[in-house]
Amino acid sequence: MAKERIYPFAVASVRSMENKLLTKQKLLQMAEAKDAEEALRFLQDSDYGKTQIGDVHEFETMIQANLEEAYQAMGKLIPNEVFMDIFRFKNDYHNVKVLIKEEISKVNGRKFLIQGGSIPVEDLRKFFRERNYMEMPCIDAKAVEEAIELYAKTKNGRYIDTTLDRACFRVMSDAAEKLGIPYVATYVRKLADITNLKTLYRIYTLKRTEQELTEGLVPGGEISTEALLHAFRSDNVAAALKETGYGRLCDSMELGFTAFEKACDDYLTEYVKEAKYKTLTPEPVAAYILAKETEAKCVRIIMTCKLHNIDADTIKERVREAYV
């Protein structure tokens, strides 16, 4: 197939797959289910039903299998592996964090490992144990050793997370810039900014230190560290961020962290939706993956809330905007 025909074919395939995405109405129906078992039945009637589980508490297995299927399908449509790997790197880094903590604690962390990375889970486990970084090109070896060293000095697991998060965003940002698709590069920058805004708001609300904020910020965004620190030192975080381009989004900080987190996810979804109007370029493929990840987050929120007997109205307030 000639290269100029690959993207139109990929987009046509994605348009067909979009019909299987859960609509906002379907998600709200799940939220209104009388219990977790009924919510699960809604899920089993969808594309998630391809994966059978023995108990409602195993719903995460359905989510992971559905996401992995989406990653694999999109990988076959786009010949450039880096294109798909950009969205997989965060799963690789999540798994490395789990493996570091497993090594330190001597407690098996297998149940916390997730599928969908650029490196299969069992291969990653093997390469990590051997410290075979040649087989893990997306993993920053220096960051891994730094995280382990910082934990040894402080006995604080936070440094494992922050060190690996920074490394992950460096890898994502570099790959996105080299890929040369503005839509993807812009998404990664927005994701970095949103991640930093969430970190800022959490640290500020919990009255933690400026040092903890600085250590928790990730690279790759457009909001400068100076601007974030200025907001942290101010009496009104949202007002201090008015001129960053995220002013309207930051207004929702006044509603509390849960509402702000939802607003952040919805902001990214609105950006992702711009790809609906593309027909010959790979943006819809990226958008589909991001839509599936948002959908998975919504399903996870609903099922977790149902298992904890949280009322339907509260759940619906937390459900993110859907792509379709």
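For region 268-280, the criterion of being among the aromatic types (Phe, Trp, Tyr), over 16 Å from the mean Cα position of the chain (by Cα) and at pLDDT 95 or above is met by no residue. Identify all residues within region 31-46 that are free of Cβ contacts under 8 Å to residues at least 40 places away in the same chain and more than 26 Å from the chain's Cα centre (by Cα); write none if there are none. 34, 37, 38 - these are the residues of region 31-46 that are free of Cβ contacts under 8 Å to residues at least 40 places away in the same chain and more than 26 Å from the chain's Cα centre (by Cα). Given (1) in a helix (DSSP H, G or I); (2) small (Gly, Ala, Ser); (3) surrounded by fewer than 20 Cβ atoms within 10 Å (Cβ to Cβ), where does residue 70 come up short, assuming only one miss? With respect to (1) in a helix (DSSP H, G or I); (2) small (Gly, Ala, Ser); (3) surrounded by fewer than 20 Cβ atoms within 10 Å (Cβ to Cβ), residue 70 is out only on (3).
When restricted to residues that are touching a residue at least 60 places away in the same chain (Cβ under 8 Å) and touching a Pro at 6+ places or on another chain (Cβ under 8 Å), region 270-324 contains 4.
Inside region 289-320, residues that are open to solvent by less than 60 Å² (accessible area, probe 1.4 Å) and either β-branched (Val, Ile, Thr) or outside any helix (DSSP H, G or I) (or both) make up a count of 11. Checking each residue in region 47-56 for being touching a residue at least 24 places away in the same chain (Cβ under 8 Å) and open to solvent by 40 Å² or more (accessible area, probe 1.4 Å) picks out no residue at all. Determine whether residue 95 is free of Cβ contacts under 8 Å to residues at least 40 places away in the same chain and of a type in the set (S, T, N, Q). Yes, satisfied. Screening the candidates 226, 212, 222, 146 for the property of being among the acidic types (Asp, Glu), buried (at least 16 other Cβ atoms within 10 Å of the Cβ) and modelled with pLDDT of 95 or more yields one hit, 146. A count restricted to region 149-186 and to residues that are assigned to a helix (DSSP H, G or I), among the hydrophobic types (A, V, I, L, M, F, W, C) and open to solvent by less than 30 Å² (accessible area, probe 1.4 Å) stands at 10. Of the residues making up region 264-286, those that are open to solvent by 40 Å² or more (accessible area, probe 1.4 Å) and part of a loop (DSSP other than H, G, I, E, B) are 278, 279, 280, 281. Given the conditions (1) buried (at least 19 other Cβ atoms within 10 Å of the Cβ); (2) within 15 Å of the chain's Cα centre (by Cα); (3) within 29 Å of residue 80 (Cβ to Cβ), which single one is not true for residue 199? Failing condition for residue 199: (3).
Considering only residues in region 106-137 that are surrounded by 12 or more Cβ atoms within 10 Å (Cβ to Cβ) and of a type in the set (Asp, Glu), the one that is farthest from the chain's Cα centre (by Cα) turns out to be 135.
For region 241-263, taking the residues that are touching a residue at least 12 places away in the same chain (Cβ under 8 Å) and small (Gly, Ala, Ser), the one that is surrounded by the most Cβ atoms within 10 Å (Cβ to Cβ) is identified as 263. Go through region 89-144 and report how many residues are within 22 Å of residue 60 (Cα to Cα), polar (S, T, N, Q) and part of a helix (DSSP H, G or I). Qualifying residue count for the region: 2.
The values are calculated or read from the model by the stated rules, or taken from the named source; none is laboratory data. Just so you know, these numbers come straight off a predicted model, no measurement behind them. So basically every Cβ, Gly included, is an ideal-geometry build from the backbone, and we count neighbours across all protein chains shown. Heads up: the accessible areas ignore ligands, DNA and RNA and are worked out on the full protein's heavy atoms, side chains in. Shrake-Rupley method; radii C 1.70, N 1.55, O 1.52, S 1.80 Å.
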